[in-house]
Amino acid sequence: MFEGLSERLSGILNTLTRRGALTEDDVNAALREVRRALLEADVALEVVRSFTDKVRARAVGAEVVKSVTPGQMVVKIVHDELVAMLGADADPISLQAAAPVPILMVGLQGSGKTTTTGKIARRLKERGDRRVLMASLDTRRPAAMEQLAVLGRQVGVDTLPIVAGQNAVQIARRALEAGRLGGYDVVMLDTAGRVTLDEGLMAEVAEVKAATNPHEVLLVADALTGQDAVNTARAFDARVGVTGIVLTRMDGDARGGAALSMRAVTGKPIKLVGTGEKIDALEEFHPGRVANRILGMGDIVSLVERAAETIDAEKAQRIADKMRKGKFDLEDLRDQLGQMEKIGGIGGVLGMMPGIANMKKQIAGANLDDKVIKRQIAIINSMTAQERRNPDLLKNSRKKRIAAGSGTKPEEINKLLKMHRQMADVMKMMGQNKRGGLAGALGN
Ligand code: GDP
Ligand code: MG
């Protein structure tokens, strides 16, 4: 499956590299293959559609990084958008509520609810030092209650004593009561599932939820269910309301499309991932890894990342060389400002330079936030090329013209010129000091 995909992709991706912006044709050609990759990864059709629309809007007009093909550039944008959509950061289970904190586990039968209940309980106990009580609400299958009890003994977590003849809501109430009386931090409620979605299942889960007011409702879903994951997630979220998703069987050959589908449809975070039958096979969700799995183009993504880094490093080196020779002109300053804008202002840049960090305050115009940087770039853009290369030309009449052209005041231009002189001086000094200092700091 993977080979077939990359073979097809090589058609569009091995075309010549080209500078400039991505055209609509570039994007559409690459997105055709991306769409296929998403479908092969079992992303639901409706999600594929809305996702590719979103990427198209972002990608057309985007700059192609040097030494990368337009197709590769689109893949990188798709990857970044996938990561953003999957949720940029791990979102842990929340226990910010009065103890005992109820956690309700829901999902279809066989999705891994009972196993995951044990895995989470173990994790809370071992990593968070929490006292956990587990209760099985599965009244239909006596073996299910015993399964949880066995798991509990295995990991050293208490389970609610089994009492015959109670329904799910009664057991849930009893569990919370036992949790209170026993001084537990967390009560985990493992519900019964059905093989398919049905009203009986939903009604029971909704009733348990109403009776226990759980702090987290975790939908446990099998990563291998692919397209069905959307219906499952939508139904549980609409009827019961979920706070997060646990994706199981990510140890198998699931490509992870279910993760994207469920996230897109419910907007709820994927909190944990099951990676095996063993009790410790539970991991944090890593959007980057899952994005690679869904797209199956990790090589291209890292290639584009490396290319982008090389360019930044080349640019920085060029500027560093010029500075050392005392040839740091306003064009270089503009380049530098552009890079600063990217990495969080002059504070960020200076903070990274050994020896300069302390001089920050001495450099004119100390409050260099993003807005100031944009105005400074605008000022430099309003100059002629000749003026940029030779700032000494900038007498009052020229300054007035530039101020008018950039919508700024002559004082701001003076400030910029002062900053430029100071930076050039400091950098020249440092460059002569030792090569490692500034050049190193600028990414060489
Ligand atoms: P439930 O019906 O939702 O409670 O599902 P169970 O917890 O009983 O799990 C059903 C089967 O899936 C069991 O054989 C588990 O060992 C297995 N299982 C659960 N989670 C995972 C997982 O992340 N990976 C693998 N490979 N198997 C799992
Ligand atoms: Mg079960």
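Laboratory data are not the source of any read-out in this text; all were calculated from the coordinates shown. The structure presented is a predicted model; accordingly, all values stated were derived computationally and were not measured. Reconstructed Cβ throughout: ideal geometry from the backbone, glycine too, with neighbour counts over all protein chains shown.
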* In nanometres, what is the gap between the two model label sites at S94 and A57, each 7 Å from Cα along Cα-to-Cβ? -> 2.8 nm
* To do: Work out, in µm²/s and without decimals, the Stokes-Einstein translational diffusion coefficient of the range 225-279 at 20 °C, 1.002 mPa s, Rh from Kirkwood over C-alpha pairs.
  => 187 µm²/s
* Extension gain (nm, one decimal) between K400 and A143, 0.36 nm per residue minus Cα-Cα -> 84.0 nm
* Asked: What list of ³J(HN,Hα) couplings, whole Hz, do you get for the range 102-109 from phi and the Karplus terms 6.51, -1.76, 1.60, once you set θ to phi - 60° and write x for glycine and proline?
  -> x, 10, 9, 9, 10, x, 6, 5
* Asked: Can you flag which of K268/K371; K209/K271; K374/K395; K327/K409; K119/K209; K54/K374 are past 25 Å Cα-Cα?
  -> K268/K371; K327/K409; K54/K374
* Asked: Measuring from label point to label point, each 7 Å out along Cα→Cβ, what is the K327 to D25 span in nm?
  -> 3.9 nm
* Structure fact -> Highest mean packing first, using Cβ neighbours within 10 angstrom, the peptides 189-195, 169-175, 218-224 sort as 218-224, 189-195, 169-175
